[in-house]
Amino acid sequence: MSSGTVPAKGRILLVEDEPSLVLTLTDRLVSEGYEVESATDGEIGQQRAVSDPFDLILLDVMLPGKDGFDVCRDLRRLGVETPILMLTARSQVVDKVVGLKLGADDYLTKPFDMMELLARIESLLRRGQRGGAASSGGYAFGKVRIDFRKAEVIADGQPIDLSALEYKLLRYFVDHRGVVLSRDQLLDEVWGYDTEVYTRTVDVHIAALRQKLEPNPTKPEFIVTVWGRGYKFLG
Ligand code: CA
């Protein structure tokens, strides 16, 4: 396979033990211009991630040797800051939150849509290139600056008072910049999958965020509505 002088869009380490998925994902990612290496075992995957520089790690949860959560936690402990996108089975929905607490950047539930995976990958890589939201601790758009380390949001030089939920929502938007997010997805990811809230709640909180962050809340530039589908952050 010769890619000539065209540089790869990024190097991805795929840690996954299901041969058919390794094959499908590798094929697709390579055709999208990524360089892909794979490991089918948690321990080996971890060694590769430590010894080789990658732009992104796709990490399955259920792995022989060492599971994805342990690999993720240990990589962070070892100072590896490569973005990690975890792949979890639907039955492991409770584990999602655990994955993020261990330092994963995002996760996707199997079976996933290939376009969704590609969008998440691009979003994570872009974050890395821009200095990163979570990795560098800061993010800026328009006149707004977010300091993720201090959990502070400043607009036009003035500190903005966000509720915990608004902050979480904003952070989720930043982490999924350019990706269309449905109300259901936002409810699942930001509010938590077992809370009894209505999709209308999402609209109310987004209106509040716009009020606080958008130069003209009635004509949002950053948190935009995608009719019939949800919202998208363009900061
Ligand atoms: Ca597996």
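The values are calculated or read from the model by the stated rules, or taken from the named source; none is laboratory data. A quick note: this is a predicted structure, and the numbers were derived from the prediction, not measured. Methodologically, a virtual Cβ is constructed for each residue, glycine included, from the backbone with ideal geometry; neighbour enumeration extends over all protein chains shown. Note: accessible area is taken over every heavy atom of the protein model, side chains too, but ligands, DNA and RNA are not part of it. Shrake-Rupley method; radii C 1.70, N 1.55, O 1.52, S 1.80 Å.
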Revision key, fill the gap. Expressed in angstrom and ordered largest first, the alpha-carbon extents of the chain along the principal axes are 50, 43, 35
Review point. Given Cα pairs under 8 Å that are at least 6 residues apart, what percent is the relative contact order of segment 11-130?
Key: 22 percent
Check your understanding: Cα-Cα pairs above 20 Å in segment 135-233: how many percent?
Key -> 33 percent
Exercise for review: List the residues whose amide H sits under 5 Å from the amide H of Ser38, counting only those 5 or more places along or on another chain, with H placed 1.01 Å from N in the peptide plane.
Suggested key: Leu14
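Given +1 on the Cβ of Lys and Arg, -1 on the Cβ of Asp and Glu, and no further charges, what dipole in debye does the chain carry about its Cα centre, rounded to the nearest 20? Intermediate values should be presented prior to the final figure.
Working: 30 positive and 36 negative charges, 189 e Å.
Dipole about the Cα centre, nearest 20: 900 debye.
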Study note, to complete from the structure: With x for Gly and Pro, the residue-by-residue ³J(HN,Hα) of segment 11-24, computed from phi through the Karplus equation 6.51 cos²θ - 1.76 cosθ + 1.60 at θ = phi - 60° and given in whole Hz, is 9, 10, 9, 9, 10, 7, 9, 8, x, 5, 6, 4, 5, 4
Revision key, fill the gap. Interchain or sequence-distant (5+) residues whose placed amide H lies within less than 5 Å of the amide H of Leu87 are Leu59, Asp60, Val61, Leu108
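Where does the charge balance sit around Gly235 when Lys and Arg score +1, Asp and Glu -1, over other residues with C-beta under 9 Å from its C-beta?
Working: positive: Arg177; negative: Glu221.
So the environment of Gly235 carries a net charge of 0.
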Exercise for review: Name the long-range amide H neighbours of Ile160: under 5 Å, sequence gap of 5 or more, or other chain; modelled H, no Pro or chain starts.
Suggested key: Val153, Ile154, Ala155
Check your understanding: Going highest first, how would you order 141-148, 101-108 by mean Cβ packing within 10 Å?
Key -> 101-108, 141-148
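Nothing charged except the Cβ atoms of Lys and Arg (+1) and of Asp and Glu (-1): what's the magnitude of the dipole of segment 11-130 about its Cα centre? Round to the nearest 20 debye.
On the way: 15 positive and 22 negative charges, 103 e Å.
With Lys and Arg at +1 and Asp and Glu at -1, about 500 debye.
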Check your understanding: Suppose R0 equals 41 Å; then what is the FRET efficiency for Val180 and Ser20 from their Cβ-Cβ distance, rounded to the nearest 0.05?
Key -> 0.90
Point to revise | Over the chain, relative contact order from alpha-carbon pairs under 8 Å, at least 6 apart, % | key: 12 percent
Revision key, fill the gap. Rounded to whole Å², per residue accessible area for the chain with a 1.4 Å probe reads 51 Å²
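Percent of accessible area on the chain owned by carbon and sulfur, 1.4 Å probe? Intermediate results must be reported in sequence, preceding the final value.
Details: 6310 of 12070 Å².
Accessible surface attributable to carbon and sulfur in the chain totals 52 percent.
Sorted by accessible area (1.4 Å probe), largest first, how do Val197, Val61 line up? Numbers along the way, then the final one.
Numbers: Val197 50, Val61 5 Å².
So, going from the largest accessible area down, we get Val197, Val61.
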Check your understanding: Between Trp227 and Arg77, what FRET efficiency follows from the Cβ-Cβ distance if R0 is 41 Å, with the result rounded to 0.05?
Key -> 0.40
Review point. Over all directions, what mean area does the Cα convex hull of segment 11-130 project, stated in square nanometres?
Key: 6.6 nm²
Exercise for review: Could you pull out the pairs from Lys110/Lys168; Lys9/Lys219; Lys9/Lys101; Lys9/Lys212; Lys110/Lys150; Lys66/Lys232 whose alpha carbons sit more than 32 Å apart here?
Suggested key: Lys9/Lys219; Lys9/Lys212; Lys110/Lys150; Lys66/Lys232
Study note, to complete from the structure: Env charge @ Leu21, Cβ radius under 9 Å, K,R +1 / D,E -1, value -3
